[in-house]
Amino acid sequence: KTAYLGNAFCDVESARISPFDRGFLFAHAAYEVTAVYAGHLVDFGGHMARLDRTLKGIGVPNPLSGEGWTKIHRDLIAINSLTEGLIYLQVSAGAYGLRDFAGPETFQPTVFVYADARRLIGDAARDGIRAIFLDDSRWKRRDMKTTQLLSQALAYRTARESGADTAFLVEDGHVTEAASANAWIVNGEGQLVTRDLSPSILPGITRAGVLDLLEGSGLHLVERAFTPDEALSAKEAFTTSAGAMIAPVVAIDGQAIGTGRPGPVTRQIQRLYYQAMGADVAA
Ligand code: PLP
C-alpha cells in the first residue's frame, strides 16, 4: 500500500516521522477524511474548504494548493486501485528541536495522506448501529477538525464495553453530536432535527450534503439542539459522516428508537444521498 508523507509517495509500512512533530506532542494538526465512491472523491471541495478553516484556526499554513491536494488524492486512488473507501489527510505543525509549547514563529507543516479501502455502504447502513449517551468532555472548538481526539477515542472504547457502536455526546442537557459523526432525529411531528452549527460541533460535510438534498424532498428540517429524551422518544435517529455516510441509529442506551429498525425517513435520505454520489445501490 502506498501513502504520501512529507512531499513524496512511500510504502505505508516504511512511513516515519519525528517524535518531536507537534502533531505527536500537542495534537497540533488538522485532518480530513474524504469518501471515495466508485473511484471518485465525494464532496472534495467541502473538505478542502474546511481544511483551510481548520489550518487558519491552528496557525498552520496550507502547504498545498487545491490542485496539489486533488492530485495527491487522485494519485493515491489510482496507485492503490481504490474504488470504495476513504482518503485520510493530516497536516501537522511539523517538528522543531525539543518540545516547546509555543514553537517557532512560522510552521513548516508535515503532510501525511493515505488510502483506506473499505465498504462505505455496508452492514451499518443496512441494519443500523447502537449508541450510548456520554458526557461531551471535548474542548470548546469542535468546529475545527483537529487530531485532538482522545475524548472520542475513549468514548468509542466505553461504547464498545457496553456493547454499542458509538456515543451520542451530551453537554448542558443537549446532544452535541455523535463521537465521529453529526446526530439527527426524526421527531413525533415528522420533523428532521439536527443541531445548528456553532463551535460546539463539527460542521460535517456529509451534514451539509444532506441539507442540500432536503430542498424539494418534502421533508421538514429544523436546525436546533435536541435533548437525550427527545432522542429516546424519536421515531428515527441516524448519524452522518464521510466514513459511515448515513447510519441509522436503532437503539440508544439499550432502548429501541422507534421500531428498533431503520425508519422510512432515514431510508429516503440514504437513497437521496447515494443517488447524488452516483451510487448504484439500494440500502
Ligand atoms: N462530527 C465529528 C465529531 C466528526 O469527527 C465527524 C467526522 O469525522 C463528523 C461530525 C462528520 O463530518 P463529515 O461529514 O465531514 O465526515
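The values are calculated or read from the model by the stated rules, or taken from the named source; none is laboratory data. Given the structure is predicted, the values throughout are model-derived calculations rather than measurements. As a convention, Cβ positions derive from the backbone with ideal geometry for all residues, glycine included, and neighbour counts pool all protein chains shown.
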Would you confirm whether any residue within the stretch 236-246 is without any contact (Cβ under 8 Å) to a residue 12 or more places away in the chain, out of contact with any Ser or Thr (no Cβ under 6 Å at 6 or more places or on another chain) and surrounded by fewer than 21 Cβ atoms within 10 Å (Cβ to Cβ)?
no
Subset of the stretch 2-15, residues at pLDDT below 95 and assigned to a loop (DSSP other than H, G, I, E, B), comes to Asn7, Ala15
Of the residues in the stretch 32-58, those that are surrounded by fewer than 18 Cβ atoms within 10 Å (Cβ to Cβ) and either in contact with a Phe, Trp or Tyr (Cβ under 7 Å, 6 or more places away or on another chain) or not assigned by TED's automatic domain parsing to the domain that holds Tyr88 (or both) number 1
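Go through the stretch 106-140 and give me each residue that's over 24 Å from Gly278 (Cα atoms) and not assigned by TED's automatic domain parsing to the domain that holds Phe20.
Ile129, Arg130, Ala131, Ile132, Phe133, Leu134, Asp135, Asp136, Ser137, Arg138, Trp139, Lys140
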By my count, helices (runs of 4 or more DSSP H) wholly in the stretch 33-145 with at least 2 residues that are within 16 Å of the ligand (Cβ to nearest atom) and free of Cβ contacts under 8 Å to residues at least 12 places away in the same chain are 44-57
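Do we have Ile269 as farther than 23 Å from Asp135 by Cβ and in a strand (DSSP E or B) here?
On the way: farther than 23 Å from Asp135 by Cβ: yes; in a strand (DSSP E or B): no.
So Ile269 does not fit the description; no.
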Picked from the stretch 16-31 (must be in a strand (DSSP E or B) and away from the ligand (no atom under 12 Å from the Cβ)), the residue surrounded by the fewest Cβ atoms within 10 Å (Cβ to Cβ) is Asp21
- Considering every residue within the stretch 174-183, establish whether at least one is within 11 Å of the ligand (Cβ to nearest atom), assigned by TED's automatic domain parsing to the domain that holds Gln255 and not in a strand (DSSP E or B). yes
Over the stretch 121-133, the set of residues at pLDDT below 95 and crowded, with 16+ Cβ neighbours inside 10 Å is Ile121
Expected output for the stretch 1-22 (first residue within 22 Å of Asp100 (Cβ to Cβ), partner of a type in the set (Phe, Trp, Tyr), Cβ below 9 Å, 6+ apart or cross-chain) is Gly6/Phe112; Ile17/Phe24; Ile17/Phe112; Ser18/Phe24; Phe20/Tyr96; Arg22/Tyr96; Arg22/Phe107
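Quick grid of which residues meet (1) assigned to a loop (DSSP other than H, G, I, E, B); (2) in contact with a helix residue (DSSP H, G or I) (Cβ under 8 Å, 6 or more places away or on another chain); (3) modelled with pLDDT of 95 or more; (4) not basic (Lys, Arg):
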| site | (1), (2), (3), (4) |
| --- | --- |
| Pro199 | yes, no, yes, yes |
| Val210 | no, yes, yes, yes |
| Gly218 | yes, no, no, yes |
| Asp229 | no, no, yes, yes |
| Val250 | no, yes, yes, yes |
Yes or no: Pro262 outside the structural domain of Arg50 (by TED's automatic domain parsing), surrounded by fewer than 16 Cβ atoms within 10 Å (Cβ to Cβ) and either outside any strand (DSSP E or B) or aromatic (Phe, Trp, Tyr) (or both)? no
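A quick yes/no check of all residues on (1) within 14 Å of the ligand (Cβ to nearest atom); (2) buried (at least 16 other Cβ atoms within 10 Å of the Cβ); (3) among the acidic types (Asp, Glu):
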{"position": "Gly188", "(1), (2), (3)": "no, no, no"}
{"position": "Thr194", "(1), (2), (3)": "yes, yes, no"}
{"position": "Ser200", "(1), (2), (3)": "yes, yes, no"}
{"position": "Gly209", "(1), (2), (3)": "yes, yes, no"}
{"position": "Ser217", "(1), (2), (3)": "no, no, no"}
{"position": "Asp229", "(1), (2), (3)": "no, no, yes"}
